[in-house]
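Trainee: Have a look at this one before I ask anything.
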Amino acid sequence: MMPEVNTAFLDGGAETVAAPRRLLSRDEVKKSLVYLAVKRLFDIAASFLGLVCLSPLFAVVALAIFIDDPHGSPFYSQERVGRGGRIFRFWKFRSMVVNADELREELEKDNEKDGPVFKIKDDPRITRVGRFIRRTSIDELPQLWNVLRGDMSIVGPRPPLPGEVAKYDDYENQRLTVTPGLTCYWQACKCRDDVGFDDWVDMDVQYIRDRSFLVDLKLIFRTVGVVFTGQGS
């Protein structure tokens, strides 16, 4: 049975696009050097300007997190898997209690996601400020530093945890053939919390196949709309 990959939402449509669940060919993964070079230059410029212009917001958010929960740093980092399986240090604003990773094991039974992903709607580990910055995706902004360093791109599949990758099959491993990003088909989807893991992977594989300047720009603008309407997770 062929999965349905919903990419038409980028143009405001509701229809789905059928795509076979198969391994990508070498030609589908490979893109022109011009596209890759311009994309990297855009990533450097956008992330640098973002870090500079948003520095006052960073200070306000960091202070709010500290006042709400002074038991830890306003920033949170963890290992994530990038292109080719390379491990890098991934940064976010801390939206959970300090011992959130230790508490996850107790909450595994309440996981609402299929596949290797863990997520529950009313996660008790999330702080008061954390709920706001997650809903508005402000918690993701420190990843501009990852983009500037080259660990990530503005657009690309979201970087998974090493423990998730350990459970991947060959099809799912294709997510690691490109540089991970801040936003992707899944991240820009209004109903992303309702998307199952298999469909999420299908979207990422579809992005790898579709990548172009136009697709990247559509995803960036679509993500901005999702953020400003408070539809983050």
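Bear in mind these aren't lab numbers, they're just calculated from the coordinates by the rules spelled out. Every value quoted in this text rests on a predicted model; they were computed, and no experiment measured them. Every residue, glycine among them, receives a Cβ derived from its backbone with ideal geometry; neighbour counts consider all protein chains shown.
Trainee: Collect residues whose amide H, placed 1.01 Å from N in the peptide plane, falls under 5 Å from the amide H of ILE87; neighbours closer than 5 in sequence don't count.
Mentor: Counting only residues 5 or more places away or on other chains, the set is GLY82.
Trainee: Could you give the angle, 0 to 90 degrees to the nearest 10, between helix 213-228's Cα long axis and the longest principal axis of the Cα atoms of the chain?
Mentor: 30 degrees
Trainee: Per DSSP H run of at least 4 residues, take -39500 (n - 2.57); add these up for the chain, divide by its residues and hand me the 222 nm value, nearest 500 deg cm²/dmol.
Mentor: -12500 deg cm²/dmol
Trainee: For LYS218, give me every one of the lysines with a C-alpha distance below 17 angstrom, ignoring sequence neighbours fewer than eight places off in its own chain.
Mentor: The reachable lysines, counting only those whose Cα sits under 17 Å from LYS218, are LYS39, LYS190.
Trainee: Under a crude label model (7 Å from the Cα following the beta-carbon direction), how far is PHE75 from VAL117 in nanometres?
Mentor: Taking the two extended label points, one gets 2.7 nm.
Trainee: While we're here: What fraction of the DSSP beta bridges in the range 30-228 is antiparallel, stated in percent and rounded to the nearest 5?
Mentor: Antiparallel: roughly 80 percent of the beta bridges in the range 30-228.
Trainee: Also, I was wondering about something else. With unit charges on the beta carbons (Lys and Arg positive, Asp and Glu negative) and the dipole taken about the Cα centre of the chain, which residue among LEU36, SER95, VAL155 sits farthest to the positive side?
Mentor: LEU36
Trainee: Return the long-range amide H neighbours of ILE154 (sequence gap of 5 or more, or a different chain), with a cut-off of under 5 Å between placed amide H atoms.
Mentor: LEU182
Trainee: On a 0 to 90 degree scale, rounded to 10, what angle separates helix 55-68 from the longest Cα axis of the chain?
Mentor: Rounded to the nearest ten degrees, it is 50.
Trainee: Note down the net charge around ASP27, summing +1 for each Lys or Arg and -1 for each Asp or Glu among other residues with Cβ under 14 Å from its Cβ. Please report the intermediate quantities before stating the final value.
Mentor: On the way: positive: ARG22, ARG26, LYS30, LYS31, ARG209, ARG211; negative: GLU28, ASP210.
So the surrounding residues net to +4.
Trainee: Quickly rank 113-119, 204-210 as a protection proxy: mean count of other C-beta atoms within 10 Å, highest first.
Mentor: Descending mean neighbour count gives 204-210, 113-119.
Trainee: Further, regarding this structure: Sorted by mean Cβ packing within 10 Å, highest first, what order do the peptides 171-180, 24-33 take? Mind dumping the intermediate values first?
Mentor: Values: 171-180: 20.1, 24-33: 10.8.
Top of the packing list down: 171-180, 24-33.
Trainee: I need the fraction of alpha carbon pairs in the chain separated by more than 23 Å, rounded to a whole percent.
Mentor: Distances greater than 23 Å cover 50 percent of the Cα pairs.
Trainee: Using Cα pairs under 8 angstrom and six or more residues apart, how large is the relative contact order of the range 109-223, in percent?
Mentor: Over the range 109-223, the number comes to 26 percent.
Trainee: With labels modelled as points extended 7 Å from the Cα through the Cβ direction, what inter-label distance (nm, one decimal) is found for GLU106 paired with VAL224?
Mentor: Between GLU106 and VAL224, the label points sit 4.3 nm apart.
Trainee: Give me the percent relative contact order of the range 30-228, please, defined on Cα pairs under 8 angstrom at least 6 residues apart.
Mentor: Numbers: 253 pairs, mean separation 44.1, N = 199.
Contact order relative to length: 22 percent.
Trainee: For the chain, give the magnitude of the charge dipole about the Cα centre (Cβ charges: +1 Lys/Arg, -1 Asp/Glu; no others), in debye to the nearest 20.
Mentor: 860 debye
Trainee: Apply 1/(1 + (r/R0)^6) to the Cβ-Cβ distance of TYR35 and ASP170, taking R0 = 25 Å, and write down the FRET efficiency to the nearest 0.05.
Mentor: Rounded to the nearest 0.05, the efficiency is 0.45.
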